[in-house]
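Q: Take a look at this one; I'll ask things after.
The values are calculated or read from the model by the stated rules, or taken from the named source; none is laboratory data. For clarity, every value in this text was computed on a predicted model and none was experimentally measured. Note that we place each Cβ from the backbone using ideal geometry, even for glycine, and neighbour counts take in every protein chain shown. These accessible areas exclude ligands, DNA and RNA; they are computed on the full protein's heavy atoms, side chains included. Shrake-Rupley method; radii C 1.70, N 1.55, O 1.52, S 1.80 Å.
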Amino acid sequence: ARLAGSIVRMKRMDINCDMGENAGHVAGGTQEALMRLVTSVNIACGAHAGDEAIMRATIEQAMRAGVAIGAHPGYEDRANFGRVELALGAEKIAASVERQVRALARVADACGAKIAHVKPHGALYNQAVGDRGIARAIAAGVARWRGDVAMVGLAGPAGVAMLEEFRAAGFAVWAEAFADRRYEADGSLRSRRFDDALIRDPAEAAAQVARIAGGEGVIAAGGAIVPMEAQTICVHGD
């Protein structure tokens, strides 16, 4: 009954999913089936995962599903799936982001598709939450690819300074929350070092989404209620 009440009050939400990260999911149909349940996808650009063939297949699937296409650049560290923090300077981060988004854009252009948004991946995303310099570097890299920055969205966690930097650079901003991740009392994501960092029960994940969309916030590790204003909800394709 509580969940039903939240659904009645919930606002319209975008649902995004990170894709193009697993060749088996792409070829086996799992990814394309999932696309029928979301409204936008973030496609790996060949750095932490993916390659040109996977990008093309994923874009073509997204076009058939009628979902918005986004780039998902991360650290160029395939061995660790882009989930390990790297100490890179702002220029190297900006250059890497530009290189990755351009790679996806070339494939998208060949398919007759357009990139609508960019969402950083993994450790790059997490480091930008607490480091304005990294956030600015990400924005700079995207701006080098798309000079008309108002025409592309940049995604980041709801309620963090990272989004302020994206706005200051002129981008439309997508404040993001997660269906399948646990939060801390300060609104940050619970580290994957903890066994309960991922929400593995579908009913619990659905309840968290309903709370966010209904304006009730999330229940953090430890039981605190954390306000969470978001326009898009992420579910992980893996």
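Q: Accessible area, 1.4 Å probe, largest first: how do Ile212, Ile219 sort?
A: Per-residue accessible area, sorted high to low, gives Ile219, Ile212.
Q: Per the 1.4 Å probe, what fraction of the accessible area of region 89-193, in percent, lies on carbon and sulfur atoms?
A: Its accessible area is 50 percent carbon and sulfur atoms.
Q: Could you give the Stokes-Einstein D for the chain in µm² per second, using the C-alpha Kirkwood radius, 25 °C, 0.890 mPa s?
A: So the translational diffusion coefficient is about 137 µm²/s.
Q: For Lys92, which lysines qualify as cross-link partners when the Cα separation must be under 30 Å and same-chain residues fewer than eight apart are set aside?
A: Filter leaves Lys114, Lys119.
Q: Can you list residues whose amide H is under 5 Å from Cys234's amide H, if they're 5+ apart or on another chain and H is modeled 1.01 Å from N?
A: Asn16, Ala177, Phe178, Ala179
Q: With an 8 Å cut-off on Cα pairs and a minimum separation of 6 or more residues, tell me the relative contact order of region 98-199 in percent.
A: Relative contact order, region 98-199: 21 percent.
Q: Pulled fully out, how much extra length does the chain show between Glu91 and Ala27, if you take 0.36 nm times their separation in residues and subtract their Cα-Cα distance?
A: Extra length from Glu91 to Ala27 when fully extended: 19.5 nm.
Q: Taking a probe of 1.4 Å, how large is the accessible area per residue of region 148-195, in Å²?
A: 44
Q: Here's something else I'd like to know. So which aspartates and glutamates pass the test for Lys11, namely a Cα distance under 16 Å, with those fewer than 8 places away in the same chain ruled out?
A: Glu176, Glu216, Glu229
Q: Near the amide H of Val152, under 5 Å away, which other amide H atoms are found, from residues 5 or more places off or on another chain, if H is placed in the peptide plane?
A: Long-range HN contacts for Val152: Ala172.
Q: Which order do Thr30, Thr232 take when ranked by solvent-accessible area (1.4 Å probe, heavy atoms of all protein chains), largest first?
A: The residues order as Thr30, Thr232, largest area first.
Q: Charges on Cβ only, +1 for Lys and Arg, -1 for Asp and Glu, centred on the Cα centroid of the chain; of Ala168, Val26, Ala207, which one is farthest towards the dipole's positive end?
A: Among Ala168, Val26, Ala207, the one farthest towards the positive end of the dipole of the chain is Ala168.
Q: Right, another one. Quick check on packing: order 38-47, 190-199, 105-114 by the mean number of other C-beta atoms within 10 Å, highest mean leading.
A: 38-47, 105-114, 190-199
Q: Something else: Compare Ile134, Ile225 by solvent-accessible area with a 1.4 Å probe and give them largest first, with all protein chains kept in place.
A: Order by accessible area, largest first: Ile225, Ile134.
Q: Taking region 94-230 as the region of interest, what is the percent of Cα-Cα pairs per 5 angstrom bin, listed from the shortest bin to the one with the maximum distance?
A: 2, 10, 18, 20, 17, 13, 12, 7, 2, 0
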